[in-house]
Amino acid sequence: MAERTKLWIADRMKDLMSRKSIDKIHITEICREAEIERSTFYYHFQDKYDLVAWIFFQSTHKTDLLDVQSAAEDLRRMKKDIRFYKHAYEDTSQNALWPYMLKYFTDKYTELAREKANTEDLDEQTLFSIRLYCYGAVGMAKEWILQDSVTPAETIIRMMFRSMSEQLYQLYFRTDESGQ
């Protein structure tokens, strides 16, 4: 039941953000649109920024970040919700979506690197390369979602992968002797 309520609230927020920017939306308005009490909203979310971050995480948490098709499908899903993401990206407050996205992808790629390297201890250069790649990938995804109506999502993902440092690319995509 709680998950359905969160999804309902999220859908109402996406509706609101398709019409106006997040800074123009108040909790009272979200509650009115979702036909819920303020206490219900605050039971599920800390604030409207937490809600926007949850919407983003819901759409990406099942994505295989190292698979072209899976990552491209995620980009297409974001592009489909272009009005929501346009307003989310426009927000420059201290609670903007950008830092949430950056942390999410940095954490996910760090976790994948630890799995691939079979260690918890990644060297400083690898951690820096992951952060650098994530800054670029999140920025290029934003640019593609908001401005590019021609380039296929798969092409964008392949270009992102090829833009990784050689060290990261080898770590994430190398094959063992059996070709796996």
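The values are calculated or read from the model by the stated rules, or taken from the named source; none is laboratory data. Quick caveat, the model's predicted, so the values are computed rather than measured. In this analysis, Cβ positions are derived from the backbone assuming ideal geometry, glycine residues included, and neighbour counts consider all displayed protein chains.
A few remarks follow.
- Filtering the stretch 9-29 to residues that are assigned to a helix (DSSP H, G or I), more than 18 Å from the chain's Cα centre (by Cα) and charged (D, E, K, R) leaves 12, 15, 23, 24, 29.
- Count - residues of the stretch 20-49 that are without any contact (Cβ under 8 Å) to a residue 12 or more places away in the chain and of a type in the set (D, E, K, R): 5
- In this entry, residue 83 passes the filter for residues that are modelled with pLDDT under 90, basic (Lys, Arg) and surrounded by 13 or more Cβ atoms within 10 Å (Cβ to Cβ).
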